[in-house]
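J.: Submitted below is the structure of interest, expressed as structure tokens.
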Amino acid sequence: MSETPVFSTAAVAAPHRLAAEAGQTILAAGGNAVEAMVAMAAAIAVVYPHMNGVGGDGFWLVREQRGRIHALDASGPAGSLATIERYRDKDYDAIPPRGPDAALTVAGAVGGWALALELARALGGQLPLDLLLGDAIRFARNGYAIGAAEGRNAQLEQDALFSAPGFAEAFLVDGKLPEAGTTRRNLKLADTLEQLAHAGLTDFYRGDVGREIAADLERIGSPITRKDLETYRARVVQPLSVRLKRSTVYNLPPPSQGLASLLILGMFERLNVRHGETPEHHHGLIEAAKRAFAIRDRVVTDPRELTRNPDDWLEPAVLEREAGLIEARRAAPFPPRSSEGDTIWMGCIDKGGLAVSYIQSVYWAFGSGCVLPATGIHWHNRGLGFSLDPKSRNPLEPGRKPFHTLNPGLAVFNDGRVLSYGTMGGEGQPQILGQIFTRYADFGMGLADAVDAPRWLFGKSWGAPSATLKVEDRFDPALLRTLSGFGHPIQELGRPYADALGHAGMLVKHPRNGRVEAVHDPRSDGGSSGL
């Protein structure tokens, strides 16, 4: 059931209502969209720990009202001790998904908050850090009700997850994840956030908090050192963009897979599909995604290791060539790799028109599962993006960044509308973004309907054993029969709304009346709020 969209002078959208409320509070206090997003990022790091946390990474897109786009890469590199030899000596054939050896990359999210606040202040933001982190501290100290999505999204490698250092003490009750509605507190994390509020966010890396993090990581056997934390900085980067007929769409450069999301839209437009929710619409997106992923897997890696400028792939001639290789009524073979991911996307547009699209994650549900006892932080497992094959595109090396699924979207339309949009969904994010964007931008669906409408996802994602086209059960059966006839192996999920198909959100600023329209996914525990 679709959410009724918010129409207001400023709005936020988030997959948890407490995060949306935290952002709304900052907007009401006179904060700008970036300040509101920092408050939301801190709040959701507490109340949605299976999806994200301060021990994870983040990526930002920010658009000023006058048109300038800022992109921030807050992803972390592999630790100094993270070598292929180390893992081979432990008889690993691949990076393990859980435990200390999975906690192998620096967490960049808090560094991204710090860099974003520098931008916020340059744009007139003046709110103090203790106010921005206030709701997050309160939720951690006084408690919050566990959301329904948490239990649905923590099934992968559960035995290894539950036995990871500190996990049981932090998250289990009688050996199980507690039921939705149960109150959870994290007093150590509350203390950590209070320290950051008073000492500054860089304390996470180069202060007392950083010292405690490094000591705990060393104690459990992680390959991250104190120096790795001390030398970390989030980075301002040049966003990627693709010019479409009615808009320009932006996303993050490598190590993000933002290139794939833009490739899908660029190819799909060149297929000249006239009507939405038709076999041609969905087949075109699926086939564009296959070609985009093939390019992505050859290109995307640590930005220092790129062999070709990613912008080259977004040139009109390249998009025309790739689109021309898509057959109108035949599914191409494709062996998508297996990948899971739990993530949150959030958006905010303030009354001045400053727009933010932000994504933050610990990758798999609860990340590595490792909870650091001194700080209450659970650490991500983004190092799964590495390979132990030294000849691969993303080999494990100290200081190298892994392949990243995270990619927030932002679009500026020719008529002046500004759209902030995104989703969780691991490697499937570009597929989900393509569906919600084309429904709204190309085929005239309302914002809420574009987010609510049934989705598909192809590939061996979320632990699925086969590379099928997984579909929610609200699709027209005739459409599915036609797609099957094209050669798509249909797997009906038997659910009208499936977490595996993303928790998406969209906000749009309308130039004619200045109003912001916002909506978040009924598949999540969140919503949208406005002033």
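The values are calculated or read from the model by the stated rules, or taken from the named source; none is laboratory data. What you see is a predicted model, and the numbers here were worked out from it, not measured in a lab. Please note: Cβ atoms are built from the backbone with ideal geometry, for glycine as well, and neighbour counts cover all protein chains shown. With ligands, DNA and RNA removed, areas are computed over all heavy atoms of the protein, side chains included. Shrake-Rupley method; radii C 1.70, N 1.55, O 1.52, S 1.80 Å.
J.: Quick check: from the Cα gyration tensor, does the stretch 402-483 come out rounded (a/c under 1.5), prolate or oblate?
T.: Details: a/c = 2.76, a/b = 1.25, b/c = 2.21.
Since a/c reaches 1.5 but b/c is at least a/b, the shape of the stretch 402-483 is classed as oblate.
J.: Another question about this same structure. Just round it to a whole percent: the fraction of Cα-Cα distances in the chain exceeding 35 Å. It would help to have the intermediate numbers written out before the result.
T.: Numbers: 39075 of 140715 pairs.
Here the long-distance tail beyond 35 Å is 28 percent of all Cα pairs in the chain.
J.: Assuming 0.36 nm per residue, please report the length gained on full extension of the stretch Arg121 to Tyr92 beyond their Cα-Cα distance.
T.: Numbers: separation 29, 0.36 × 29 = 10.44 nm, distance 4.62 nm.
The span from Arg121 to Tyr92 would gain 5.8 nm if fully extended.
J.: Excluding ligands, DNA and RNA, what is the solvent-accessible area per residue of the chain at a probe of 1.4 Å, expressed in Å²?
T.: Values: 18680 Å² over 531 residues.
Heavy-atom SASA per residue in the chain reads 35 Å².
J.: Order Asp473, Asp216 by their accessible area, 1.4 angstrom probe, all chains in place, largest first.
T.: Values: Asp473 65, Asp216 5 Å².
Largest accessible area first, the list is Asp473, Asp216.
J.: Let a ≥ b ≥ c be the square roots of the eigenvalues of the Cα gyration tensor of the stretch 477-530; is it rounded (a/c under 1.5), or, if not, prolate (a/b larger than b/c) or oblate? Provide the component values of the computation, followed by the final result.
T.: Values: a/c = 4.46, a/b = 2.03, b/c = 2.20.
In terms of gyration-tensor shape, oblate.
J.: For the stretch 346-453, which trypsin sites (Lys or Arg not before Pro) are in a loop by DSSP, counting at most 10 other Cβ atoms within 10 Å?
T.: Details: sites: Lys351, Arg382, Lys391, Arg393, Arg400, Arg417, Arg439; in loops: Lys351, Lys391, Arg393, Arg400, Arg417.
Taking the stretch 346-453 and a limit of 10 other Cβ atoms within 10 Å, the loop trypsin sites (Lys or Arg not before Pro) found are Lys391.
J.: So if I place +1 on the C-beta of Lys and Arg and -1 on the C-beta of Asp and Glu, and nothing else carries charge, what would the dipole magnitude of the chain be about its Cα centre? I want it in debye, nearest 20. Before the final figure, lay out each step's value.
T.: Numbers: 56 positive and 60 negative charges, 216 e Å.
That gives a dipole near 1040 debye.
J.: Carbon and sulfur: what percent of the stretch 203-307's accessible surface (1.4 Å probe)?
T.: Working: 1790 of 4020 Å².
Looking at the stretch 203-307 in its full context, I get 45 percent from C and S.
J.: When only Cα pairs under 8 Å and 6 or more residues apart are kept, what is the percent relative contact order across the chain? Show your work: numbers first, answer last.
T.: On the way: 1320 pairs, mean separation 140.1, N = 531.
Rounded, it is 26 percent for the chain.
J.: Ignoring ligands, DNA and RNA, what percent of the accessible area of the stretch 383-425 is carbon or sulfur (1.4 Å)? Each step should come with its number before you reach the end.
T.: On the way: 570 of 1130 Å².
With neighbouring chains kept in place, the figure for the stretch 383-425 is 50 percent.
J.: Would you work out which of Gly367, Asn309, Leu410 lies farthest towards the positive end of the dipole of the stretch 295-410, given +1 charges on the beta-carbon of Lys and Arg and -1 on that of Asp and Glu, about the Cα centre?
T.: Gly367
J.: Which whole-number percent is the relative contact order of the stretch 121-203 (Cα, under 8 Å, 6+ apart)? Mind showing how you got there, number by number?
T.: Working: 69 pairs, mean separation 39.3, N = 83.
Relative contact order comes out at 47 percent.
J.: Continuing with the same structure: Quickly work out the Arg243-to-Arg321 label distance, labels modelled 7 Å from Cα along the C-beta direction, and quote it in nm with one decimal.
T.: 1.9 nm
J.: Another question about this same structure. Report the extension gain between Ala478 and Glu218 in nm, rounded to one decimal, defined as 0.36 nm multiplied by the number of residues separating them, less their alpha carbon distance.
T.: Details: separation 260, 0.36 × 260 = 93.60 nm, distance 5.69 nm.
Length gained between Ala478 and Glu218: 87.9 nm.
J.: Considering only the other residues whose Cβ falls under 14 Å of the Cβ of His510, what net charge follows from Lys and Arg at +1 and Asp and Glu at -1? Write down the numbers at each step before the final one.
T.: On the way: positive: Lys351, Arg417, Lys509, Arg512, Arg515; negative: Asp415, Glu517.
Neighbourhood net charge equals +3.
J.: What is the packing order of peptides 96-108, 263-275, taking the mean over residues of other C-beta atoms within 10 Å and listing the highest first?
T.: Values: 96-108: 25.5, 263-275: 21.2.
Ranked from most to least packed, the peptides come out as 96-108, 263-275.
J.: If you don't mind, another one. Note the full-extension length gain between Leu172 and Arg141 as 0.36 nm times their separation in residues minus their Cα-Cα distance, in nm to one decimal. Before the final figure, lay out each step's value.
T.: On the way: separation 31, 0.36 × 31 = 11.16 nm, distance 1.77 nm.
Contour length minus Cα-Cα distance gives 9.4 nm.
J.: Once the Cβ-Cβ distance between Ile490 and His198 is put in as r, and R0 is 56 Å, what FRET efficiency do you end up with, to the nearest 0.05? Don't jump to the answer; show the numbers that get you there.
T.: On the way: r = 55 Å, r/R0 = 0.98.
Efficiency, from the Cβ-Cβ distance: 0.50.
J.: Could you sort out which of Lys290/Lys470; Lys227/Lys391; Lys245/Lys509; Lys227/Lys401 sit more than 22 Å apart by Cα distance in this structure?
T.: Working: Lys290/Lys470 15 Å; Lys227/Lys391 28 Å; Lys245/Lys509 19 Å; Lys227/Lys401 16 Å.
Cα-Cα > 22 Å for Lys227/Lys391; rest within.
J.: Could you work out, for the stretch 1-151, what percent of all Cα-Cα pairs fall into each 5 Å distance bin, beginning at 0 Å and stopping at the bin that holds the largest distance?
T.: Histogramming the stretch 1-151 at 5 Å steps yields 2, 8, 15, 18, 17, 14, 10, 7, 5, 3, 1, 0 percent.
J.: Now for a separate question. Give the lysines reachable from Lys188 as a straight Cα distance under 18 Å; neighbours fewer than 8 places away on the same chain don't count.
T.: Answer for Lys188, where 18 Å is the Cα cut-off: none of the lysines qualify.
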